[in-house]
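Data first, discussion second: the structure below is written as structure tokens.
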Amino acid sequence: MTAFILAAAALLALGCAFIAWPLLRRADAADGADRGRTNVDLYRQRVQEIDYDRDIGTISAAQAAALTTELAGTLLDDAVVAAPATEVGGRSVRVALALAVTLVITAVGLYRYLGAYDEVALAEAAQVLRSDAVAPVAVADLVKRLRTHLAAQPSDAESWYLLGHALLRNDDAPGAVTAFEALVALVPDEAGAAVALAQARYIADDGVITPANRTLIDTIIASDPTQTIVNEMLALSAFQAADYAAAVRHLEQALAGGASGARAQSLQTGLARARAALGDTGPAMAVTVDLG
């Protein structure tokens, strides 16, 4: 976003220069006109002196004509009379400044109304949340900007989603619950919204699955039995209750949901612990059974 703002500011500055420069040049032209009039007055005075010298016989008529011609050439080379400007000095500066300010306000207003400002902000938000080493100050600033945006556009589901995850990154699980509840109210059929709400509630309740969250989780599992995040929460809850058989079942379902990388490795480690607690130390193979 910073690069975008700098580029936009540079373009606005260029536009202001195009508007202000002709007005400022008019003041310079007026100064040139004043100099031109002064040179004309000096020329006339010098011609009168030459005519006087010719009349009293100090110089001949031919010499007077030559001096007058030379003086005229000097005038043409050094002093061009410019047309007087209609506005000069401080007034031109004020007009130029007013037009520049008007240009900036109009450009920003039209971009906010017709441009893609919100899309740029949302793209930046998503980029911040994807980073593993983002500064807490940046997350707090993102939360502030998202809340300001949502105060004006409360039906923006994507911003509620981003706000919820930003609050989780900012260790504000209760705030994330509120954000995801607003998201679910807007998109009740969106599975990702329900999963995000269930996860935020689990974190806000210190790893305890409350009755309200249990109802939501059961709904999610009924729709997608292999949902990785929800099965992982259920497995952790089963571990806490020493229900290792349930923990094994949920961890297997979580792995069947397509977990990969470090998350899959963590699930495999938990599954091995649950099986060891059950006394099942033999080799195991994860399978998926599809019943027709």
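The values are calculated or read from the model by the stated rules, or taken from the named source; none is laboratory data. Treat the numbers as computed from the prediction; the structure is a model and nothing was measured. Neighbour counts are summed over all protein chains in view; Cβ atoms, including those assigned to glycine, are modelled from backbone coordinates with ideal geometry. Quick note on the areas: whole protein, heavy atoms, side chains included, nothing else; ligands and nucleic acids left out. Shrake-Rupley method; radii C 1.70, N 1.55, O 1.52, S 1.80 Å.
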Item to check | Pair list, Cβ < 6 Å and 6+ apart or interchain, from region 196-222 residues that are under 19 Å from residue 167 (Cα atoms) to residues that are open to solvent by 60 Å² or more (accessible area, probe 1.4 Å) and not polar (S, T, N, Q) | outcome: 204/174
Checklist entry - helices (runs of 4 or more DSSP H) wholly in region 127-204 with at least 1 residues that are among the basic types (Lys, Arg) and within 22 Å of residue 236 (Cβ to Cβ) - which ones? => result 157-169, 191-204
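Would you tally the residues in region 222-242 being assigned to a helix (DSSP H, G or I) and either open to solvent by 60 Å² or more (accessible area, probe 1.4 Å) or in contact with a helix residue (DSSP H, G or I) (Cβ under 6 Å, 6 or more places away or on another chain) (or both)?
Applying the first criterion (assigned to a helix (DSSP H, G or I)) to region 222-242 yields 222-223, 228-240.
Next cut, either open to solvent by 60 Å² or more (accessible area, probe 1.4 Å) or in contact with a helix residue (DSSP H, G or I) (Cβ under 6 Å, 6 or more places away or on another chain) (or both) only: 222-223, 228-236, 238-240.
Going through region 222-242 one residue at a time, the tally reaches 14.
Just a yes or no: is a residue in region 177-191 under 24 Å from residue 271 (Cα atoms) and buried (at least 16 other Cβ atoms within 10 Å of the Cβ)? Break it down stepwise before answering.
Pass one, region 177-191, residues under 24 Å from residue 271 (Cα atoms): none.
No; the residues of region 177-191 include none that is under 24 Å from residue 271 (Cα atoms) and buried (at least 16 other Cβ atoms within 10 Å of the Cβ).
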